[in-house]
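S.K.: Below is a structure I'd like to ask you about.
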Amino acid sequence: MDGSRSDGTGHDRARRCDRALLRGLLSLLVAIALVVSLAVGTAVFAPQVTDGFGLGEGPAPSSEPPPAGERNPPVTDPDDPGTTRYETDVETITSPTVEDFVHAEINERRAEHGLEPLEWDGTAASVARAHTRDMGQRDYFAHTNPDGEGPYDRFRDVDDYCRAYGENIAMTWVDRRVERPTGGVVRYETAEALAIGLVDQWMNSTDHRRAILEEGETPTWDRAGVGVYIDEDGAVYAGQNFCREW
């Protein structure tokens, strides 16, 4: 089934379903903005949400994620929504668990290319989490929000210790069939699978990969934070904010 939300009236459920179907047409989008001296670059591609039969036997629940780092930093974004969740037939997927898995997976991919792990930055994660929620609540998908604020603007509204700053964002869905950009179909029913899928999307896009692996003109990052927002329809908005401290 496409999720297990049961709260609200029948009319409300119908409205949410209609909204989910419309947004499903947008499917999965990924983009990146590298903000260095206030410069921004983006890339987008869009696999499809698909209909059809199931994908066979269900997956095992997620393993225990390696804790990424501080969850209550001294400085946070006031619009940080905190924990969001969605229940599938396999497990309840929570945003902190997805964030932990994404952070660990990014560092594994970096290690495969001889790069040092990124330190977890709780403030950058809070800024990312606030932006992912804003995209979900105001129904847009972009690095620049409807108020004209870009990634670096949003960070500097909260703190100012990064001389270079970058942002990866992605949108996908849990508990429904999603066509991968590289081919094949997947249905994310666990936090671990969802996190790996998000990282795979970034790593299979040239600009996103360059940001993660510090290729081309990308700065040398020393820290990063991941923010995930899961809405009631199963839409997932994810962001990773990179930082090089002064």
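S.K.: Could you grab the pairs with beta carbons closer than 6 Å, sequence gap of 6+ or different chains, first residue in region 64-83 and within 25 Å of MET135 (Cα to Cα), second one modelled with pLDDT of 95 or more and assigned to a loop (DSSP other than H, G, I, E, B)?
M.R.: VAL75/ASP159; ASP77/VAL158
S.K.: Would you pick out the residues in region 98-115 that are within 19 Å of TRP173 (Cα to Cα) and touching an Asp or Glu at 6+ places or on another chain (Cβ under 8 Å)?
M.R.: PHE101
S.K.: On to the next question. Could you grab me the full set of residues in region 172-195 that are part of a helix (DSSP H, G or I) and in contact with a helix residue (DSSP H, G or I) (Cβ under 6 Å, 6 or more places away or on another chain)?
M.R.: Hits for region 172-195 are ALA191, GLU192, LEU194, ALA195.
S.K.: Then there is this: Going by the structure shown, is GLU217 open to solvent by 20 Å² or more (accessible area, probe 1.4 Å), in contact with a helix residue (DSSP H, G or I) (Cβ under 9 Å, 6 or more places away or on another chain), among the charged types (D, E, K, R) and modelled with pLDDT of 95 or more?
M.R.: No: the conditions fail for GLU217.
S.K.: What's the total number of residues in region 76-97 that are in a loop (DSSP other than H, G, I, E, B) and open to solvent by less than 50 Å² (accessible area, probe 1.4 Å)?
M.R.: 8
S.K.: Read through the list (1) β-branched (Val, Ile, Thr); (2) modelled with pLDDT of 95 or more; (3) open to solvent by 10 Å² or more (accessible area, probe 1.4 Å), then give the number of the only condition that THR172 fails.
M.R.: Every listed condition holds for THR172 apart from (3).
S.K.: Report the residue count in region 135-158 for those that are over 13 Å from the mean Cα position of the chain (by Cα), surrounded by fewer than 21 Cβ atoms within 10 Å (Cβ to Cβ) and on the phi < 0 side of the Ramachandran plot.
M.R.: The qualifying residues number 13.
S.K.: While we're on this one: Here are the criteria: (1) in a helix (DSSP H, G or I); (2) in contact with a helix residue (DSSP H, G or I) (Cβ under 8 Å, 6 or more places away or on another chain); (3) more than 22 Å from ASN72 (Cα to Cα). Tell me which single one PHE155 does not satisfy.
M.R.: Of everything listed in (1) in a helix (DSSP H, G or I); (2) in contact with a helix residue (DSSP H, G or I) (Cβ under 8 Å, 6 or more places away or on another chain); (3) more than 22 Å from ASN72 (Cα to Cα), PHE155 misses just condition (3).
The values are calculated or read from the model by the stated rules, or taken from the named source; none is laboratory data. All values derive from a computational prediction rather than experimental measurement. Backbone-built Cβ (ideal geometry, glycine too); neighbour counts: all protein chains shown. For the accessible areas, the whole protein counts, side chains as well, though only heavy atoms, and no ligand, DNA or RNA atoms are used. Shrake-Rupley method; radii C 1.70, N 1.55, O 1.52, S 1.80 Å.
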